[in-house]
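Worksheet: one structure, shown below.
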Amino acid sequence: MQTKSNIKLPTHYYNIASDLQKHLGVEIPAPLHPGTKKPIGPADLVPLFSMEVIKQEVSTEQYIEIPKEVAEVYDTYRPTALIRAKGLEKVLGTPAKIFFKFEGATLTGSHKINTAIPQAFYAKNEGVKRLATETGAGQWGTALATAGSIFGLDIEVFMVKTSFDQKPYRKTAMELLGATVHASPSPLTEAGKKFLAANPDSTGSLGMAIAEAVEIAVKNEDTKYALGSVLNHVLLHQTIIGQEAIMQMEEIGEKPDLIIGCVGGGSNFAGIAFPYIKKKFEGAKIDFIAVEPEACPSLTKGEYKYDFGDSGQMTPMVKMYTLGSEFMPSAIHAGGLRYHGMAPLISLLVDQKVITPESYSQLETFEAAQIFARSMGIIPAPESAHAIKAVIKQALLAKEKNEEKTILFNLSGTGYFDMNAYEDYLGGKLK
């Protein structure tokens, strides 16, 4: 059941960095130069990012205004629906109320477009001709390709090879939108050549693809790098999700007790959670669960330390929960979650016990996806299925305890490009 809504689009992004010192008494660890290992300043990021993105990355302002041109594009698909999952509640027989924000209803079928639009706008506004990026499952690459077509930018995408092979129609979609797509690791960059020399049959990783895209940006003056998750400015842009959810829930007189989202780099979880964490800082009783794959468990089995964001060790080092920049995850279908590290802001909040991490196996999450699809009529992305698995677990716990609870989760994307994964699951071939 979709809630009827008269809310207006948020006019600003919410910057959680403004509240961490005040409410937790902790400083955000500064990024370090990859060579000197000393703290970097905005000038060190100029070869990689547009200036407005750099300003937002280091900003401690509580709210940052959304440009008019960006808001006009948002207005074509936002606000996204807040839906009560009554079908799922009925199947589970739970007293819990389950709501979800449906980010699969965006222009590209996932939340990634929310940051692709401002990043492309800022780059175009500063005279950039091309953006280079990586993509795991293809949602981010598709989003940036769409934003590039809207603002007239060339887009070059390095797609993790296992997803390049598993999801050919993602590649087709990106090319249809005007992007150039390469399987990563590729022979087109020095980083790619190095990875292929070490393992000619490499299935790739997000860390490898990031290294290739960063190299393209650094070596070409007309090119900047665009990132789909992890860094502060990306998480910032996604907070429109949570701000909308707050208004929509208040409109129907509901307050969530629990917020759940999947995490790879952390952007969709931050999008729905950060505005609610602000409410928690102000006294609200809300718990937060971040769900990752057992195959790439940075939060549940990683170490909280400084590490490189890419496998080529070219990017600034950030303090995060990490499995190591050279970690090679198995070729699971949730390609968007196959990243060795976690967003520094989310890592800090996990370290401070504000967020609880959980991990689940691929089979468990596909079972959850099937239950959701059959009860709600929406096929979720394999990434989003991780959140759904945790939702089902919590709803069944509420049933055991006969406990009324309101659960809100972010359905970050649809799975209609993932039919080969679901075919493998239904055929008993999924590992």
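The values are calculated or read from the model by the stated rules, or taken from the named source; none is laboratory data. What you see is a predicted model, and the numbers here were worked out from it, not measured in a lab. Backbone-built Cβ (ideal geometry, glycine too); neighbour counts: all protein chains shown.
Structural remarks
- Residue satisfying condition, being modelled with pLDDT of 90 or more and farther than 23 Å from residue 110 by Cα, within set 370, 352: 352
- Exclusive hit being farther than 30 Å from residue 325 by Cα, surrounded by 14 or more Cβ atoms within 10 Å (Cβ to Cβ) and of a type outside the set (Ser, Thr, Tyr), set 57, 69, 65: 69
- Only a single item in (1) crowded, with 24+ Cβ neighbours inside 10 Å; (2) at pLDDT 95 or above is not met by residue 191, and it is number (2).
- Of the strands (runs of 3 or more DSSP E) lying entirely inside the range 270-371, those containing at least 1 residues that are small (Gly, Ala, Ser) and in contact with a Lys or Arg (Cβ under 9 Å, 6 or more places away or on another chain) are 356-360.
- Filtering 138, 178, 127 for residues that are free of Cβ contacts under 8 Å to residues at least 24 places away in the same chain and of a type outside the set (D, E, K, R) leaves a single hit, 127.
- Cβ-Cβ under 6 Å pairs, at least 6 apart or on other chains, the range 204-221 side on the phi > 0 side of the Ramachandran plot, far side buried (at least 24 other Cβ atoms within 10 Å of the Cβ) and aliphatic (A, V, I, L, M): 204/160
- Taken over the range 124-147, the residue count meeting the criterion of being of a type in the set (Gly, Ala, Ser), more than 14 Å from residue 213 (Cβ to Cβ) and surrounded by 24 or more Cβ atoms within 10 Å (Cβ to Cβ) is 4.
- The range 155-186, subset part of a strand (DSSP E or B) and under 19 Å from the mean Cα position of the chain (by Cα), residue farthest from residue 145 (Cα to Cα): 160
- Residue 235 vs. criteria crowded, with 24+ Cβ neighbours inside 10 Å, of a type outside the set (Asp, Glu) and within 20 Å of residue 408 (Cα to Cα): yes
- Among the residues here, residue 123 qualifies as in contact with a Leu (Cβ under 8 Å, 6 or more places away or on another chain), among the small types (Gly, Ala, Ser) and farther than 24 Å from residue 380 by Cα.
- Qualifying residue in the range 224-233 (condition: assigned to a helix (DSSP H, G or I), more than 30 Å from residue 284 (Cα to Cα) and in contact (Cβ under 8 Å) with a residue 24 or more places away in the chain): no
- Of residues in the range 64-82 being out of contact with any helix residue (DSSP H, G or I) (no Cβ under 8 Å at 6 or more places or on another chain) and of a type outside the set (D, E, K, R), the one farthest from residue 385 (Cα to Cα): 71
- Of all residues in the range 43-61, exactly one satisfies the criterion of being more than 21 Å from the chain's Cα centre (by Cα), more than 17 Å from residue 214 (Cα to Cα) and not charged (D, E, K, R), namely 60.
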